[in-house]
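Visitor: Can you keep this structure in mind? I'll have questions shortly.
The values are calculated or read from the model by the stated rules, or taken from the named source; none is laboratory data. What you see is a predicted model; the values in this text were computed from it and never measured. Every residue, glycine among them, receives a Cβ derived from its backbone with ideal geometry; neighbour counts consider all protein chains shown.
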Amino acid sequence: MATEMQSFYTPSTSTHISSHAPAAVDELINKYSSTMSTSTIPSSSSVSHLTMKNPRRNVIQRFADRVRLEYYRYEVTFGLYVMTPGEKLVANSFVMVVLSLLLWALLLYFPTLLYQKLIRLVWLLTGHSSKEMGAALSILETHVGSLYSSFSGESAL
């Protein structure tokens, strides 16, 4: 029984599988290998591929490369790389609309929410309302209070 299982899992000797790659594959491996040979770099055989990169890249070029890398990661993660350009336009437009609405809501409603929560925190810590703590919160009331009254629907007369 063991020999049957062994013969099932091990390849038979009658089939011949070549372990040597074709010449074109060997050429590509030698050309694009991360360990450079002395034939491609005549000056030094011990130069690493990390030191061959241009260390003096412009900040704008590095930023552009980083943006391209992040967009590539976004495309690969969410499957946009298999879409046609029209489908990508629709998907990216949807993402941009959602993100811009989130940013708009954050900028519009977050200051008032922060002000309300700060007043609540002051009341929890001191036991006094913000009207009684006018000296401590005068800066917040002058700057953020006008935003709060304009967004809460009350007229600021």
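Visitor: Report yes if Tyr72 is within 15 Å of the chain's Cα centre (by Cα), in a helix (DSSP H, G or I), surrounded by 10 or more Cβ atoms within 10 Å (Cβ to Cβ) and among the aromatic types (Phe, Trp, Tyr), otherwise no.
Guide: Yes.
Visitor: Being among the aliphatic types (A, V, I, L, M), under 30 Å from Asp26 (Cα atoms) and modelled with pLDDT of 75 or more is true for just one of Leu69, Leu113. Which residue is that? Step through it out loud before you land on a result.
Guide: Values: Leu113 fails: under 30 Å from Asp26 (Cα atoms).
None of the other options fit; the residue is Leu69.
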